[in-house]
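Visitor: Submitted below is the structure of interest, expressed as structure tokens.
All of the numbers you see were taken from the coordinates with simple rules; none came from a lab. This is a predicted model, so every value here is computed, not measured. Note that each Cβ is placed from the backbone with ideal geometry, even for glycine, and that neighbours are counted across all protein chains shown.
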Amino acid sequence: MLIEQGALYPALYRLETQGLISSEWGVSDNNRRAKYYTLTAEGKKRLKDELGEWNRLVEAMALVLAAKAAQ
């Protein structure tokens with residue numbers, strides 16, 4: 001999947017202002033200046049919560065599809 005810069009950088013900015021990620025400048029493998037992002041403790045907690053919700057949704061959909069297939 002290709003994510004356009006016009007969507008990626010505003011999303012990273014929002015995540016950073018919400019305290020879910022932090023960033024720092026560094027040098028990339030090809031010697032260019034690059035910004036590196038890391039999940040904060042709050043970001044890791046949010047990710048865990050969101051994954052839990054996603055997994056519950058997937059399980060519910062699997063039950064519905066299994067019931068429909070059994071009919």
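Visitor: Which of the residues belonging to segment 56-66 are surrounded by 10 or more Cβ atoms within 10 Å (Cβ to Cβ) and either small (Gly, Ala, Ser) or touching a strand residue (DSSP E or B) at 6+ places or on another chain (Cβ under 6 Å) (or both)?
Guide: ALA60, ALA62
Visitor: Please determine whether any residue of segment 9-18 is assigned to a helix (DSSP H, G or I) and surrounded by fewer than 10 Cβ atoms within 10 Å (Cβ to Cβ).
Guide: Yes.
Visitor: Can you say whether LYS35 is outside any helix (DSSP H, G or I) and basic (Lys, Arg), as far as the supplied structure shows?
Guide: So LYS35 fits the description; yes.
Visitor: I'd like the residue in segment 28-55 that is within 21 Å of TYR13 (Cα to Cα) and of a type in the set (A, V, I, L, M, F, W, C) and, out of all such residues, is surrounded by the fewest Cβ atoms within 10 Å (Cβ to Cβ).
Guide: Applying the filter and picking the extreme gives ALA41.
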